[in-house]
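The values are calculated or read from the model by the stated rules, or taken from the named source; none is laboratory data. Everything quoted here is computed from the prediction, not taken from an experiment. No Cβ is skipped: glycine too gets one built from the backbone with ideal geometry, and neighbour counts run over all protein chains shown.
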Protein chains: 2
Amino acid sequence: MADVARHAGVAPMTVSRALQDDPRVAPSTRVKVLASVAALGYRLNEVARSLRAGQSSDLLGLVVTNLANPFYAQLALGVESLAAEHGMTMVLGNTAEDHGRERELVDNLVSRRVSGIVVVPAGNDHSHLRPSALDGIPAVLATRPPSGADLDCVLVDDFGGATAATRRLTEAGHRRIGFLGPLPGLWTSAERFRGFGAALAEAGLEPDERYVRFGLRDVRAAEHAAREILSLPDPPTALFTANNRNTIGAVRAVTDAHPAAALAGFDDFEFADMLGVPLTLAAYDPAEIGVQATQLLIDRIAQTDDGTPRRIVVPTTLTHHGQPHPRLPSGDPSP
Amino acid sequence: MADVARHAGVAPMTVSRALQDDPRVAPSTRVKVLASVAALGYRLNEVARSLRAGQSSDLLGLVVTNLANPFYAQLALGVESLAAEHGMTMVLGNTAEDHGRERELVDNLVSRRVSGIVVVPAGNDHSHLRPSALDGIPAVLATRPPSGADLDCVLVDDFGGATAATRRLTEAGHRRIGFLGPLPGLWTSAERFRGFGAALAEAGLEPDERYVRFGLRDVRAAEHAAREILSLPDPPTALFTANNRNTIGAVRAVTDAHPAAALAGFDDFEFADMLGVPLTLAAYDPAEIGVQATQLLIDRIAQTDDGTPRRIVVPTTLTHHGQPHPRLPSGDPSP
DNA sequence: CTGTTAGCGCATTCAG
DNA sequence: CTGAATGCGCTAACAG
């Protein structure tokens with residue numbers, strides 16, 4: 001910068017001002033300075049700039065559990081787009097659902113003085129994400145509600161979506177409906193099960209534990225569980241699956257020799273319409289979650305909020321792929 | 001840091017040294033310092049640290065064209081994993097194939113003094129990525145070779161993969177084979193077409209322009225083109241598709257009323273085995289590209305290379321989903 | 001409108 | 001082994 005100042009015949013301070021469009025600098029001077037900047041190929045050093053600024057660095061942290069999941073990639077895209085709109089740059093970390101790694105990443109981001117962090121938390125205790133634990137840097141949770149800390153968060157309407165999707169099954173006359181989901185310790189998983197149960201209750205039914213499986217973390221496990229359930233002496237005529245891994249596993253099981261079962265689930269995914277199996281899905285826009293979370297963060301950074309924790313719930317839409325579910329004959333359709 | 005020093009009864013310099021495991025500090029002093037650090041909840045300021053260091057910031061930039069594509073999400077994961085292994089943090093930007101945005105993002109990263117940048121370039125001229133244009137910060141290209149600049153790059157074996165996949169079709173007796181691909185200006189697209197042509201040549205054939213379509217950027221366009229080609233009076237009996245968007249479009253076209261055609265293509269994707277259509281695919285590991293690119297970058301940062309541009313080619317593997325392609329009767333199978 | 005002074009938090013350099 | 005001085009590149013805060 002000193003070089004530029006020399007080249008332009010002004011003081012460094014003037015260069016600094018010209019570069020940040022300070023209105024107090026004369027137009028003629030500004031032109032002169034900008035010419036020198038161009039001539040010397042000079043570029044502002046953001047590191048020094050943000051050191052001086054003390055707080056803020058125009059960086060926005062994002063910590064996700066699994067970037068390989070297109071869901072989180074979309075969420076990241078949402079964060080990036082809004083961040084960019086506000087002149088901020090996204091720093092991305094992947095925890096692979098590892099609490100320790102999450103701590104490391106968050107710590108790292110704090111050390112870099114990012115302006116805020118969007119976190120998809122790996123664990124159920126979020127006390128380490130309190131602003132006080134983060135040198136005052138605000139964090140916003142995505143897809144899971146805070147526990148042990150008063151934090152902003154953006155959630156999906158897990159309960160509503162699961163209820164609506166399951167209702168489609170009961171409305172079609174199904175009375176024996178199975179459930180496949182990931183670990184019940186996951187908030188989303190628990191909520192979706194609750195929604196599932198609510199829809200059953202509306203129809204005067206309740207979950208049958210023989211047909212309920214939790215802890216299915218990948219497609220293979222889900223497929224296996226689906227086969228087991230469908231092989232029971234008195235198998236369900238329909239399945240509700242709590243996320244796309246489980247849905248896919250169920251589809252695999254159903255397209256095979258086993259007795260067909262109607263499927264409804266949570267999460268839309270590409271190709272859902274190409275699997276040759278009718279599928280009712282509670283869909284939502286993952287990017288929207290990223291956008292909303294980033295907006296909360298920006299509000300908090302700008303202090304335009306009132307300080308009380310906010311909670312945004314992103315709605316789901318019911319979509320249907322493939323042929324409509326055949327309406328079962330009234331009464332319990334026996335095998 | 002001064003606070004910690006005071007608390008520990010030492011000079012700030014000693015705190016600094018203790019924190020970076022300088023062997024010259026006495027063990028007892030180190031313990032004292034670390035205790036104070038913990039007591040005060042002190043955290044090193046990476047911003048100041050990297051300002052002092054002048055170069056480097058333990059940040060590694062990644063600029064991709066489309067994070068929504070699982071391919072690039074996987075690539076990002078590869079970059080992140082190796083970066084993390086080396087104590088570096090990934091900063092991610094998305095260009096949406098926009099040259100201007102790419103320049104902005106790269107410029108931004110340079111201003112932040114990242115140690116290096118992995119770029120999936122949007123355009124065909126890469127002169128703006130020369131180290132001299134980047135204040136000496138090295139860039140590595142991923143999936144596309146440099147042009148107008150001597151840069152390291154990591155490529156996929158586009159030619160070989162396309163040749164191998166197409167060969168499967170000719171070996172099965174197909175003689176009228178169509179081609180669907182994105183814009184021919186894309187290097188990968190051109191290479192894959194070249195590989196397609198090479199396999200045809202081996203079988204004494206050549207591309208029939210009636211069956212060749214470029215510029216298909218999404219599934220819908222690919223599906224439409226596939227339908228058109230398959231509706232010709234003398235339609236091809238097989239199609240080679242140059243990327244997963246095109247493959248999916250072709251699958252959609254083929255599963256419909258149209259005369260079936262054998263399919264081979266580039267890129268594997270999830271569910272490829274669930275579409276009910278036999279599919280030969282040239283597959284490769286996108287994360288591997290990210291890892292290799294990051295390794296090149298780290299080498300260059302550490303100056304452990306000899307300065308000449310390096311080029312790494314990631315191999316492809318032929319995978320087959322669904323039933324094997326039925327072997328056509330010898331001779332040209334007429335409709 | 002422009003320049004001068006001072007310091008953000010840290011680590012290199014040189015003295016103890 | 002430890003400490004003091006110095007400056008990384010930039011910009012508030014105060015002069016002129």
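Among (1) modelled with pLDDT under 95; (2) at negative phi; (3) not assigned by TED's automatic domain parsing to the domain that holds B:Gly178, there is one condition B:Leu318 misses while meeting the rest; what is its number?
So the condition that B:Leu318 fails would be (1).
Determine if the stretch B:27-35 includes at least one residue that is at negative phi, within 13 Å of DNA strand C (Cβ to nearest atom) and more than 10 Å from chain A (Cβ to nearest Cβ).
Among the residues of the stretch B:27-35, at least one is at negative phi, within 13 Å of DNA strand C (Cβ to nearest atom) and more than 10 Å from chain A (Cβ to nearest Cβ), which makes the answer yes.
Where in the stretch A:31-115 are there helices (runs of 4 or more DSSP H), lying fully within it, with 3 or more residues that are modelled with pLDDT of 90 or more and away from DNA strand D (no atom under 16 Å from the Cβ)?
Output list reads A:70-85, A:99-111.
Looking at the structure I just gave you, is B:Ala48 touching a helix residue (DSSP H, G or I) at 6+ places or on another chain (Cβ under 9 Å) and at the interface with another protein chain (Cβ under 9 Å from one of its Cβ atoms)?
So B:Ala48 passes the test.
Residues that are more than 14 Å from chain A (Cβ to nearest Cβ) and more than 21 Å from A:Gly322 (Cβ to Cβ): list the helices (runs of 4 or more DSSP H) wholly contained in the stretch B:189-301 that include at least 3 such residues.
Working: elements: B:219-230, B:244-254, B:286-301.
By residue number, B:219-230, B:286-301.
Quick check on the stretch A:102-111. Is at least one of its residues crowded, with 23+ Cβ neighbours inside 10 Å and among the polar types (S, T, N, Q)?
We begin by selecting, within the stretch A:102-111, every residue crowded, with 23+ Cβ neighbours inside 10 Å; these are A:102, A:105-106, A:109.
Now restrict to residues that are among the polar types (S, T, N, Q): none.
Scanning the stretch A:102-111, I find no residue that is crowded, with 23+ Cβ neighbours inside 10 Å and among the polar types (S, T, N, Q), so the answer is no.
Can you name the condition, by its number, that A:Gln20 falls short on among (1) closer than 30 Å to A:Ala272 by Cα; (2) more than 9 Å from chain B (Cβ to nearest Cβ); (3) out of contact with any Phe, Trp or Tyr (no Cβ under 6 Å at 6 or more places or on another chain)?
So the condition that A:Gln20 fails would be (1).
If you check A:Ala38 against the conditions, is it more than 10 Å from chain B (Cβ to nearest Cβ), within 7 Å of DNA strand C (Cβ to nearest atom) and out of contact with any Cys (no Cβ under 7 Å at 6 or more places or on another chain)?
Numbers: more than 10 Å from chain B (Cβ to nearest Cβ): yes; within 7 Å of DNA strand C (Cβ to nearest atom): no; out of contact with any Cys (no Cβ under 7 Å at 6 or more places or on another chain): yes.
In short, no.
When residues of the stretch B:82-101 are filtered for being within 18 Å of B:Glu288 (Cα to Cα) and surrounded by fewer than 18 Cβ atoms within 10 Å (Cβ to Cβ), how many remain?
2
Check off (1) farther than 30 Å from B:Leu60 by Cβ; (2) at pLDDT below 95; (3) in contact with a helix residue (DSSP H, G or I) (Cβ under 7 Å, 6 or more places away or on another chain) for B:Leu134 and give me the number that stays unchecked.
(1)
Can you find even one residue in the stretch B:304-314 that is among the basic types (Lys, Arg) and at pLDDT 90 or above?
Yes, that holds for at least one residue.
Which one is nearest to DNA strand C (Cβ to nearest atom) among residues in the stretch B:52-98 that are among the β-branched types (Val, Ile, Thr) and facing chain A (nearest Cβ under 8 Å)?
The extreme case among them is B:Thr89.
Can you find a residue that is of a type in the set (Gly, Ala, Ser), modelled with pLDDT of 95 or more and not assigned by TED's automatic domain parsing to the domain that holds A:Ala142 anywhere in the stretch A:258-277?
So the first thing to find is which residues in the stretch A:258-277 are of a type in the set (Gly, Ala, Ser), and the list is A:260-262, A:264-265, A:272, A:276.
So of that shortlist, the ones also modelled with pLDDT of 95 or more come out as A:264-265.
Filter once more, keeping what is not assigned by TED's automatic domain parsing to the domain that holds A:Ala142: A:264-265.
Yes, the stretch A:258-277 contains a residue that is of a type in the set (Gly, Ala, Ser), modelled with pLDDT of 95 or more and not assigned by TED's automatic domain parsing to the domain that holds A:Ala142.
Hey, could you check the stretch A:148-188 for residues that are within 12 Å of A:Phe240 (Cα to Cα) and among the hydroxyl-bearing types (Ser, Thr, Tyr) and say which is farthest from the chain's Cα centre (by Cα)?
Per the stated criteria, the residue is A:Thr170.
Out of everything in the stretch A:6-24 that is in contact (Cβ under 8 Å) with a residue 12 or more places away in the chain and closer than 13 Å to A:Val37 by Cβ, what residue ends up being nearest to DNA strand D (Cβ to nearest atom)? Please lay out each step first, then the result.
Residues of the stretch A:6-24 in contact (Cβ under 8 Å) with a residue 12 or more places away in the chain: A:7-10, A:14-16, A:18-19.
Next, only the ones that are closer than 13 Å to A:Val37 by Cβ stay: A:7-8, A:10, A:14-16, A:18-19.
Details: A:His7: 13, A:Ala8: 13, A:Val10: 11, A:Thr14: 9, A:Val15: 7, A:Ser16: 3, A:Ala18: 9, A:Leu19: 6 Å.
For the stretch A:6-24, the residue satisfying everything is A:Ser16.
A quick yes/no check of all residues on (1) basic (Lys, Arg); (2) assigned by TED's automatic domain parsing to the domain that holds B:Pro278; (3) crowded, with 24+ Cβ neighbours inside 10 Å:
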| site | (1), (2), (3) |
| --- | --- |
| B:Ala201 | no, yes, no |
| B:Asp208 | no, yes, no |
| B:Ala226 | no, yes, yes |
| B:Thr241 | no, yes, yes |
| B:Arg252 | yes, yes, no |
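Is it the case that some residue within the stretch A:143-161 is assigned to a helix (DSSP H, G or I), modelled with pLDDT of 90 or more and crowded, with 23+ Cβ neighbours inside 10 Å?
Within the stretch A:143-161 (the criterion being assigned to a helix (DSSP H, G or I), modelled with pLDDT of 90 or more and crowded, with 23+ Cβ neighbours inside 10 Å), the answer is yes, since at least one residue qualifies.
So is B:Arg24 within 13 Å of DNA strand C (Cβ to nearest atom), not hydroxyl-bearing (Ser, Thr, Tyr) and not in a helix (DSSP H, G or I) or not?
Yes: the conditions hold for B:Arg24.
Does at least one position in the stretch A:117-134 carry a residue that is within 30 Å of B:Leu51 (Cα to Cα), within 14 Å of another protein chain (Cβ to nearest Cβ), surrounded by fewer than 24 Cβ atoms within 10 Å (Cβ to Cβ) and touching a residue at least 24 places away in the same chain (Cβ under 8 Å)?
Among the residues of the stretch A:117-134, at least one is within 30 Å of B:Leu51 (Cα to Cα), within 14 Å of another protein chain (Cβ to nearest Cβ), surrounded by fewer than 24 Cβ atoms within 10 Å (Cβ to Cβ) and touching a residue at least 24 places away in the same chain (Cβ under 8 Å), which makes the answer yes.
Which members of the stretch B:5-14 meet the condition of being aliphatic (A, V, I, L, M) and near DNA strand C (Cβ under 8 Å from one of its atoms)? Even if it seems obvious, please write down each step before you answer.
At the first step, the residues of the stretch B:5-14 found to be aliphatic (A, V, I, L, M) are B:5, B:8, B:10-11, B:13.
The answer is B:Met13, and nothing else.
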